[in-house]
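Right, one structure below, let's go through it.
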Amino acid sequence: MAAHSAVLSMSKIINPFWGGRLGNTVKVFGTTLTSHRNKTLLTPPPAKYGGRHTVTLIPGDGIGPELLNHVREVFRFSCVPVDFEVVNVNSALETDDDMNNAITAIRRNGIALKGNIETKHTMAPSVKSRNNLLRTSLDLYANVMHCQSLPGVQTRHKNIDIMIIRENTEGEYSSLEHESVSGVVESLKIITRNNSLRIADYAFKLAREKGRRRVTAVHKANIMKLGDGLFLQCCREVASGYPDITFDSMIVDNTTMQLVSKPHQFDVMVMPNLYGNVVSNVCAGLVGGPGLVPGANYGNAYAVFETATRNTGKSIAGKNIANPTAMLLASCMMLDHLKLYDHATMIRHAVLKTMNETRLHTADIGGQGTTSEVVQTIMRIIQSGGQLTTEL
Amino acid sequence: IWYGHFLLPYLLNQILFSIALPQFLQLSLIQTVTLIPGDGIGPEISTAVMKIFEAAEAPIQWEERNVTAIQGPGGKWMIPPDAKESMDRNKIGLKGPLKTPIAAGHPSMNLLLRKTFDLYANVRPCVSIEGYKTPYSDVNLVTIRENTEGEYSGIEHVIVDGVVQSIKLITEQASQRIADYAFEYARNNQRASVTAVHKANIMRMSDGLFLRKCREAAEKHKDVKFTEMYLDTVCLNMVQDPTQFDVLVMPNLYGDILSDLCAGLIGGLGVTPSGNIGANGVAIFESVHGTAPDIAGKDMANPTALLLSAVMMLRHMGLHGHAKKIEAACFDTIRDEKVRTKDLGGNSKCSEFTEAICQRVRDMQ
């Protein structure tokens, strides 16, 4: 709290000179520092009316809408007690109204399932990435991705099982940029103690929960001594509280090199935002591609589920060749979060069975199947495995 | 125009060594190159490279220099003046691994060299080595990384206790320089396309500026194809199918990560060449691996990285014939599997490996 007032008072002093430039900085620090307070308030559970959950659905762009339609189809078929509140976001508009509606809907419902919203970088730089806006407004500080090799998919490395926990709100994605002199642009990378401790704590808690033995922090503290140095220090502090879990650190360029040659040495990895982007995409590529890995963004009060690599898939939109696996597995993660474990297991089992045994692969993993074929097969497996309503 | 300094000696080299002069005259025009052996295994591998060059009868004369930092007037750290003078005179340098000092009070040696000679482009060609099997075959790409600014500007502040700000600097001038260099390189080395790697969806202004400069450079070089791709998409596609990439140009941090990723694809830093291009025609070629103090002096080191960097240097100087010979000898020796150093999976000594390559080179004459 002292830090909060210090920042605000500092901004009051500096503001007259630097105008609005520091305003954004204070806003960022404001959210990260006040989130401290919210922890003590009671966070409401996800929306549930009459035994049915309501989940916000943001179709997004590219392959998002079609994949989410398939998810709805599968849910309807499997009698999952989830109703979707669809909120459309038009990425072509410059105003943030659509996005604010979506954020309000997520606050109302507590959970969301989303496709990726395109960021057209032909628009002015003041139009920020909508996905990023969502993550920071809802303070979804942890992005969790579990990369597992699926037995039915041909990859160069077998039996990979890595959990990646990525700080999701600050770091290089603070969107604080300015052009101080014409032709010289500065972009600020912010690392705070609070957020670093928070994400490290999350990582170790998750590692303990899942019975993992090792947590590796990925950083570049030899170059960014203060920023990544702070992150590393926070990780070490948290690690000392978990003596049963081994902690080590690795520099990001060495990490990527090791990932492509010896990926089995990694167990759980925790890192700031940008390195998380790189490492998660490398790992997704190692296990078979963007169509196979689901991702989740967790905050203290909200959770948003999506594909791990957050691709819009513009080039394959509307062609019925997208891989529905990632989105369906993400929806299973959502069902787990809603404590609908039976439904989650049923759908997950059907998806993995389709992937591993029936070999109905889509183009991205080297097959010739269509999305609808895959979804039909999944539904058929659910039908053959589950209870028939006539039997109830 | 700045690139006049660089283009003129290059053209001169081309005319003198490859086009106009017959073989015997070529051999008598010996060029001097500054050699920085480095620390740890540096001296051994430098000796190996010198031996191989001698066997290949390359017209290179070596001038050895030491670059341990000294404190100049005013307390500013700098490289020894004789090293600087040698580099400025010869323009071409070959460097072994340098020890990064911990708490020595001065910045890393590589950083110092970079600042002294304004080495703005780091070029790393990654080609799969036929004899050394990795899960990725047919890799043939080049990463060109901006080396002076970006995320590594070293500008950091503690704003309040517990909040650190690191500044990523992107300037128009540096972006233009690296973009122009990338297209020149593509043109000179017969590469078909250049891909700009960025994250302009998140870092709108900074990477946006970088991208704009790349697009402008693309307009000036219409014979080379230009594409742009997000950093995460590049990483994703790189580990699935590296053959789709040709020349990649990017700012500092992404370049650091991607160039090491590509090095990992072909077998690690022990077999990857690297070159740093500076202003005023200066070019320093180096091996990017560490000093390996645990095997220093034991004749166990692998000189491949330094050798391939030296080959890159020969190509830069226009001595394509010698470059091809030495490279072929090196690859043949590795493919042969009889004489390989420990890190490549064999049991031979560094001197044996070197001798095998020398023998092959002599046989090729």
How many residues, within the stretch A:120-170, are under 26 Å from residue B:151 (Cα atoms) and in contact with a Leu (Cβ under 6 Å, 6 or more places away or on another chain)? 1
Can you name the residue in the stretch A:171-197 that is part of a helix (DSSP H, G or I) and touching a strand residue (DSSP E or B) at 6+ places or on another chain (Cβ under 8 Å) and is also nearest to the other protein chains (Cβ to nearest Cβ) among such residues? A:193
If we only count helices (runs of 4 or more DSSP H) wholly inside the stretch B:300-365, which ones have 1 or more residues that are more than 16 Å from the chain's Cα centre (by Cα) and under 21 Å from residue B:33 (Cα atoms)? B:320-336, B:350-364
When the stretch B:154-186 is checked residue by residue, the ones that are more than 9 Å from chain A (Cβ to nearest Cβ) and either farther than 12 Å from residue B:210 by Cβ or out of contact with any Lys or Arg (no Cβ under 7 Å at 6 or more places or on another chain) (or both) are B:174, B:177, B:178, B:180, B:181, B:182, B:183, B:184, B:185, B:186
Can you pull out every residue in the stretch A:80-104 that is surrounded by fewer than 12 Cβ atoms within 10 Å (Cβ to Cβ) and farther than 13 Å from residue A:128 by Cβ? A:92, A:97
Is it the case that the stretch A:110-131 has a residue that's under 21 Å from residue B:230 (Cβ atoms), within 14 Å of another protein chain (Cβ to nearest Cβ) and in a helix (DSSP H, G or I)? yes
Number of the condition not met by residue B:113 [criteria: (1) modelled with pLDDT of 90 or more; (2) part of a helix (DSSP H, G or I)]: (1)
Would you be able to tell me the number of residues in the stretch B:187-208 that are part of a helix (DSSP H, G or I), closer than 23 Å to residue A:178 by Cβ and more than 7 Å from every other protein chain (Cβ to nearest Cβ)? 1
Extreme residue, farthest from the other protein chains (Cβ to nearest Cβ), among residues of the stretch A:132-154 that are within 21 Å of residue A:362 (Cα to Cα) and touching a helix residue (DSSP H, G or I) at 6+ places or on another chain (Cβ under 6 Å): A:151
Just checking, does the stretch A:140-152 include any residue being in a loop (DSSP other than H, G, I, E, B), at pLDDT below 90 and out of contact with any Lys or Arg (no Cβ under 8 Å at 6 or more places or on another chain)? yes
Can you tell me which of (1) surrounded by 24 or more Cβ atoms within 10 Å (Cβ to Cβ); (2) more than 19 Å from residue A:247 (Cα to Cα); (3) more than 13 Å from chain B (Cβ to nearest Cβ) is the one residue A:167 doesn't meet? (2)
Within the stretch B:324-347, the residues that are surrounded by 20 or more Cβ atoms within 10 Å (Cβ to Cβ) and closer than 23 Å to residue B:134 by Cα are B:326, B:329, B:330, B:333, B:334, B:340, B:341, B:344
Criterion violated by residue B:88 - all others in (1) surrounded by fewer than 17 Cβ atoms within 10 Å (Cβ to Cβ); (2) at positive phi satisfied: (2)
Does residue A:325 count as buried (at least 24 other Cβ atoms within 10 Å of the Cβ) and within 12 Å of the chain's Cα centre (by Cα)? no
Single residue of A:260, A:282 found to be in a helix (DSSP H, G or I), closer than 26 Å to residue A:328 by Cα and at the interface with chain B (Cβ under 10 Å from one of its Cβ atoms): A:282
Go through the stretch A:311-368 and count every residue that is without any contact (Cβ under 8 Å) to a residue 40 or more places away in the chain and either closer than 18 Å to residue A:384 by Cα or outside any helix (DSSP H, G or I) (or both). 15
Can you report the number of residues in the stretch B:214-264 which are surrounded by fewer than 19 Cβ atoms within 10 Å (Cβ to Cβ) and more than 12 Å from chain A (Cβ to nearest Cβ)? 11
Extreme residue, nearest to the chain's Cα centre (by Cα), among residues of the stretch B:171-180 that are surrounded by 19 or more Cβ atoms within 10 Å (Cβ to Cβ) and farther than 11 Å from residue B:221 by Cβ: B:178
Taking the stretch A:105-129 as the search range and keeping residues that are of a type in the set (Lys, Arg) and under 19 Å from residue A:55 (Cβ atoms), which one is surrounded by the most Cβ atoms within 10 Å (Cβ to Cβ)? A:114
Among all residue pairs at least 6 apart or on different chains, which show Cβ distances below 9 Å where the first residue, located in the stretch B:157-176, is assigned to a loop (DSSP other than H, G, I, E, B) and the second is of a type outside the set (Asp, Glu) and surrounded by fewer than 18 Cβ atoms within 10 Å (Cβ to Cβ)? B:161/A:2; B:161/A:6
Hey, could you check the stretch A:369-392 for residues that are of a type in the set (S, T, N, Q) and at pLDDT below 85 and say which is nearest to residue A:287 (Cα to Cα)? A:387
Options A:205, A:210, A:225; residue that is surrounded by fewer than 18 Cβ atoms within 10 Å (Cβ to Cβ), within 18 Å of the chain's Cα centre (by Cα) and either at pLDDT below 95 or not aliphatic (A, V, I, L, M) (or both): A:205
Would you mind finding the one in B:142, B:158, B:194, B:127 that is buried (at least 24 other Cβ atoms within 10 Å of the Cβ), in contact with a strand residue (DSSP E or B) (Cβ under 7 Å, 6 or more places away or on another chain) and not hydroxyl-bearing (Ser, Thr, Tyr)? B:194
Top-ranked residue of the stretch A:45-79 - restricted to ones that are farther than 14 Å from residue A:115 by Cβ and touching a Ser or Thr at 6+ places or on another chain (Cβ under 9 Å), ranked as surrounded by the fewest Cβ atoms within 10 Å (Cβ to Cβ): A:79
Test result for residue A:172, of a type in the set (Asp, Glu), touching a residue at least 60 places away in the same chain (Cβ under 8 Å), more than 19 Å from residue A:268 (Cβ to Cβ) and in contact with a helix residue (DSSP H, G or I) (Cβ under 8 Å, 6 or more places away or on another chain): yes
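The values are calculated or read from the model by the stated rules, or taken from the named source; none is laboratory data. Keep in mind it's a predicted model, so treat the numbers as computed, not measured. Every residue, glycine among them, receives a Cβ derived from its backbone with ideal geometry; neighbour counts consider all protein chains shown.
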